[in-house]
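Worksheet: one structure, shown below.
The values are calculated or read from the model by the stated rules, or taken from the named source; none is laboratory data. It should be emphasised that the depicted structure is a prediction, and the values quoted were computed from it without experimental measurement. Cβ placement follows ideal geometry from the backbone for every residue including glycine, while neighbour counts extend to all protein chains displayed. Ligands, DNA and RNA are excluded from the accessible area calculation, which covers all protein heavy atoms including side chains. Shrake-Rupley method; radii C 1.70, N 1.55, O 1.52, S 1.80 Å.
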Amino acid sequence: MQWICSPYEPSRYATNLRHDKLTNMLVWDSAPGQSVLIVQTPFGQSAVKRMTAICRSLSGMPGLPNQYTEVAGDSWIIAVSAADKLRNKGCPLNGCASTYTVFSYSIEDDVCRIYEPEERVKLFVQASIPMDIRIDIAQECRRKGIGFWGKSTPTGFYSITFPKELAGGYVDGDLQFRVGDFMIPVTSQMLAQRTVFIKSERKPAVVSQNPGLRIAD
Amino acid sequence: MSFSITCPYCFGVMKDNEVLFRSEKVNAGECELLPDNFLDTADFIANYHEDDKDEILKGLKDWDFFLEREDEKYEEFWKKFVRTTEVNPADEKLGITPYRRPILDPSVSEHCRFLKIQPDKSFFIRDSDGMVSGIELKTGEVCHRRVCKHCHNPLPAAYGKQPVKFATVVGITGAGKTVYISQLLKNMPDYAANIGLTAVVNTANSRIFLDTNPIHPGMPLPDSTPEGYFQQPVFYQIVRETGENDRVTEMFVLYDVAGEVFVNPDQISRYAPYIEHSDGIVMLLDPLQFKQIHQLNGELQSLDETTAVLTAIHNIVSSGRSEQKCQIPIAVCISKVDLPEVQEVLGAKLCGMLKDDVYGVDSGDGFFLPIFNAERYNPIAKELSDFILHHERALAMQLRTNYSFYAFFAFTALGCEVGSGEKENGEPFKYPVGPILPKRIEEPIFWMFYRLGYIGTNEPVTTSAAAKIKCPVCGSEATSPLPAEEQIIKVRRFIWTEPIYVNRVCDNPDCRHKWEYIP
């Protein structure tokens, strides 16, 4: 199949992409019967500017996927027909801390045309969905002494517990530990472990380098 | 049984059997009774001397009665507003001016000779609810065009049978009032269904409004209302269930009034009744009035006029009693929020919320509950309130000081770019490029339904209005702060007195309780 980026076609509009927090689905307005392509990119990055690259990376694919599929490195796409939109009341997310963009498309004679959004409404076709995460940092202590005379003393370690939902789609370095003047990147392996321990005299802080990851107090 | 009708034009009150009617029968051209060799009736009277002169004259006078003519009361009403804005496409096709049709008054004996007596021995045709709906001429024409007996303006069919609520849409010229009303009317049945209500927008008046103010991609937008004119009110009905087998129908009347009239001393008295009788006000703010936005856009408008309009509205409603707040609910709405410069100033978070549709509260059986979805509205209200408080503090203070019930809304009636074109005669016009996707235009109306008690809410509605401080003893909302020198009072405790701090007093003369109010 041939993949072509086409200019805006008013009769095939798709716009007003937004995240319905109650259903946790992406919803949008589109022309009656219009199928769309939802493109997921890193938080804050516009898919509109990447469409040419995405079209190039799609060449060789026999058709558009109806599940989220990775293309062009850090982008995922999913095709949603008008019937799917109606049945599912939108399109499910593929994780937070991402920007989603909606494009209309049409397939004719083995040519798939992906239509650019109208210049004026390029903000309307995307929705940036941050992820709010809560990271627990606790000082590890142990009890010395017996009974009433015992007391809890710090071990010199801090435990850092990551939320389970952070594992999917995480890019190494999005989060970092700040220990004094040192910045230590958090890796996917650390997230998979859920709880890590750091030896430090001062309580470490977790800092987000990804504006799509917001650390809740 | 009689129905009390309040005219939506002059607010005169009358019973349903006191309304007048415009004749369906309109004569044109020359009367066939006039002999050929006479020019007109005057010529006939002067020069005809046969025995059948009286008979022919009577016939000529009856013919003349049904000629189109100027209606003095009607013209007197519309003279205040330059001229009438009444149109009737059906009459236009017949070549008849609707407001020049002869008036028939069943209480005038001279008119009664043309009327057919009905089975109930009156001249009135009544509908299934017993309300007077028409009269019948002896020549067979049934006249259903009711008009007010005071100003001779048309009353829509069935108007007066149900309770009526009046709402006024106010805004500066160009804020988008006509487009807003047109979009609201067109989509009202769908919007009402989302809050468990049924809207009926099939009055002739509403159909004419929609036909004369169409909103379609590529078609010119309605022109701004010329200065001094008064747009025809539009009517729609809302039906709601009040019990398993009961329902209530209410009529809503929407007025489109330019805000500038309230700051013009010459015009304020003409338009004041449309505020005095309002059960709710929708105030549209053109976003170009906000300093931050017009700095980006380059076009300079000002919110000064809006604050002046709010002061004028308050003065009208309070009749000069400046110590009283206006009790009419006022929905303060920022229109055209789809403009790129507006999006830039409002911010991504608020704009994301404004892109969303207004959702109803699902009852679980596929229908929606008669509930204002405050759960979805409150985050928007908070953002808008913060925006206005930080960027247009004078407006926020004006509202807080003078109005008891107000809320902020934002919407786009078109949801698309507006292009500029030129007609064949060189006249410029604006048109919506499309697709037309209005967003959240119904929300201020839903809030008004909530304030009027038609629907409930799923959580307390965020309000920026100053909270009413009630007396803890008698519950009166009429309370006042105490001056500093009266804030320490001595209270007797057994054999000694104790100073107590108080800062609030109840204004109820039978109570006069003093206490410390902690917000």
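Okay, here's what the table says:
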read-out	value
Selection from the stretch A:13-40 of residues that are crowded, with 21+ Cβ neighbours inside 10 Å, more than 10 Å from chain B (Cβ to nearest Cβ) and over 15 Å from A:Tyr115 (Cα atoms)	A:Leu26, A:Gln40
Odd one out for B:Arg83, checked against (1) assigned to a loop (DSSP other than H, G, I, E, B); (2) among the basic types (Lys, Arg); (3) out of contact with any Phe, Trp or Tyr (no Cβ under 9 Å at 6 or more places or on another chain)	(3)
Residue count for the stretch B:199-233, restricted to those that are at pLDDT 90 or above, open to solvent by 40 Å² or more (accessible area, probe 1.4 Å) and in contact with a Ser or Thr (Cβ under 7 Å, 6 or more places away or on another chain)	1
Scan of the stretch A:57-70 for residues that are at pLDDT 85 or above and either open to solvent by 40 Å² or more (accessible area, probe 1.4 Å) or in contact with a Pro (Cβ under 9 Å, 6 or more places away or on another chain) (or both), ordered by number	A:Asn66, A:Gln67, A:Tyr68, A:Thr69, A:Glu70
For B:Asp91: the one exception among (1) part of a loop (DSSP other than H, G, I, E, B); (2) of a type outside the set (Lys, Arg); (3) over 30 Å from B:Ile268 (Cβ atoms)	(1)
Residues located in the stretch B:493-513, provided they are open to solvent by 80 Å² or more (accessible area, probe 1.4 Å) and modelled with pLDDT of 85 or more	B:Pro499, B:Tyr501, B:Pro509, B:Asp510, B:Arg512
Count of the stretch B:7-36 residues which are in a loop (DSSP other than H, G, I, E, B) and open to solvent by 70 Å² or more (accessible area, probe 1.4 Å)	5
Lone qualifier among B:Phe81, B:Phe124 - being more than 30 Å from B:Asp266 (Cα to Cα), surrounded by 13 or more Cβ atoms within 10 Å (Cβ to Cβ) and out of contact with any Cys (no Cβ under 9 Å at 6 or more places or on another chain)	B:Phe124
Of all residues in the stretch A:162-217 being polar (S, T, N, Q) and open to solvent by less than 90 Å² (accessible area, probe 1.4 Å), the one that is farthest from A:Ala138 (Cα to Cα)	A:Asn210
Residue that is closer than 18 Å to B:Thr457 by Cβ and more than 14 Å from chain A (Cβ to nearest Cβ), where the choices are B:Pro329, B:Pro379	B:Pro329
Check on A:Gly73, open to solvent by 50 Å² or more (accessible area, probe 1.4 Å) and more than 19 Å from A:Thr23 (Cβ to Cβ)	yes
First in the stretch A:57-81 and within 14 Å of A:Pro42 (Cα to Cα), second anywhere and of a type in the set (Asp, Glu), Cβ under 7 Å, 6 or more apart	A:Trp76/A:Glu70
Residue ranges of strands (runs of 3 or more DSSP E) in the stretch B:416-519 with at least 2 members away from every other protein chain (no Cβ under 14 Å), of a type outside the set (Ser, Thr, Tyr) and touching a residue at least 40 places away in the same chain (Cβ under 8 Å)	B:428-432
B:Leu210 farther than 30 Å from B:Phe368 by Cα and either of a type outside the set (Asp, Glu) or not assigned by TED's automatic domain parsing to the domain that holds B:Ser269 (or both)	no
Among the candidates B:Arg451, B:Arg400, B:Arg393, B:Arg440, residue that is open to solvent by 60 Å² or more (accessible area, probe 1.4 Å) and under 23 Å from the mean Cα position of the chain (by Cα)	B:Arg451
Residues of the stretch A:97-141 satisfying the condition of being open to solvent by 20 Å² or more (accessible area, probe 1.4 Å), away from chain B (no Cβ under 14 Å) and touching a residue at least 40 places away in the same chain (Cβ under 8 Å)	A:Tyr105, A:Ile107, A:Asp110, A:Val111, A:Arg113, A:Glu116, A:Met131, A:Arg134, A:Ile135, A:Ile137, A:Gln139, A:Glu140
Residue in the stretch B:20-28 that is more than 30 Å from B:Ala158 (Cβ to Cβ) and of a type outside the set (Val, Ile, Thr) present	yes
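Residue by residue, here is whether (1) in contact with a Cys (Cβ under 8 Å, 6 or more places away or on another chain); (2) more than 30 Å from B:Val418 (Cα to Cα); (3) polar (S, T, N, Q) holds:
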| site | (1), (2), (3) |
| --- | --- |
| B:Glu141 | no, yes, no |
| B:Lys149 | no, yes, no |
| B:Ala158 | no, yes, no |
| B:Gly171 | no, no, no |
| B:Asn187 | no, no, yes |
| B:Ile208 | no, no, no |
| B:Gly218 | no, no, no |
| B:Pro226 | no, no, no |
